[in-house]
Amino acid sequence: MDKMSREHDLFTRILREKGVKVTMQRILVLEALSSCPDGHLTAEEIYNLVKAAYPEIGLATIYRTIQLLWELRLIDRISLDDGFVRYEIREVMEN
C-alpha cells in the first residue's frame with residue numbers, strides 16, 4: 001500500500017472515530033497539510049493545493065473545514081510574526 005492510500009485510510013479512520021462524516025474535502029485538507037510536514041500553510045495555500053485535485057472546491061469550504069479540523073484537535077493553528085494564521089497537522093496524526 002502506498003503512502004497516499006495509507007494516509008487516506010488513516011484520515012478516514014480518525015474522522016470516523018471523531019464522529020464526523022468523512023468527506024473528500026476533509027480528506028484533501030488533511031492530505032495537503034500532511035504533504036508539507038515542515039511547512040506551516042495558510043488557508044489560501046491549503047486552498048491552492050486542494051484546488052489542484054478538486055477544482056470545484058471553494059475557499060469558504062476550506063475555511064469551514066479548517067475550523068472543524070481545528071475544533072477536533074486534528075490540526076494546530078500557528079501565528080507567526082507575518083500576520084498570517086498558519087496551520088499544520090498535529091503530531092498525533094502523523095504515522
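The values are calculated or read from the model by the stated rules, or taken from the named source; none is laboratory data. Fair warning: this is a prediction, and the values are worked out from it, not measured in the lab. Cβ placement follows ideal geometry from the backbone for every residue including glycine, while neighbour counts extend to all protein chains displayed. All accessible areas refer to the heavy atoms of the entire protein, side chains included, with ligands and DNA or RNA removed. Shrake-Rupley method; radii C 1.70, N 1.55, O 1.52, S 1.80 Å.
For the peptides 43-53, 78-88, 22-32, residues were scored by their other Cβ atoms within 10 Å and the scores averaged per peptide; the highest-first order is 22-32, 43-53, 78-88. Heavy atoms only, probe 1.4 Å: what % of the accessible area of the chain goes to carbon and sulfur, would you let me know? Carbon plus sulfur share of accessible area: 52 percent.
Excluding Ala32 itself, calculate the net charge of residues whose Cβ lies under 12 Å from the Cβ of Ala32, where each Lys or Arg counts +1 and each Asp or Glu counts -1. Local charge sum for Ala32: -3.
For the range 72-78, putting each phi into the Karplus relation 6.51 cos²θ - 1.76 cosθ + 1.60 with θ = phi - 60° gives couplings of 7, 6, 9, 10, 10, 9, 10 Hz, in residue order, rounded to whole numbers and with x for Gly and Pro. Name the residue from Ala52, Trp70, Val22 whose Cα lies farthest towards the positive end of the charge dipole of the chain, charges +1 on Cβ of Lys and Arg and -1 on Cβ of Asp and Glu. The Cα lying farthest towards the positive end belongs to Val22. Per residue, the solvent-accessible area of the chain (1.4 Å probe, heavy atoms of protein chains only, all protein chains present) comes to 61 Å². A value for Cα extents along the principal axes in Å was derived from the coordinates, and within the list [x] 38, 30, 26; [y] 43, 24, 21; [z] 49, 23, 16 it appears as [x]. Can you list the residues, at least 5 places off or on another chain, whose amide H is less than 5 Å from the amide H of Thr23, using H built in the peptide plane? Sorted by chain and number, the residues that satisfy this come to none at all.
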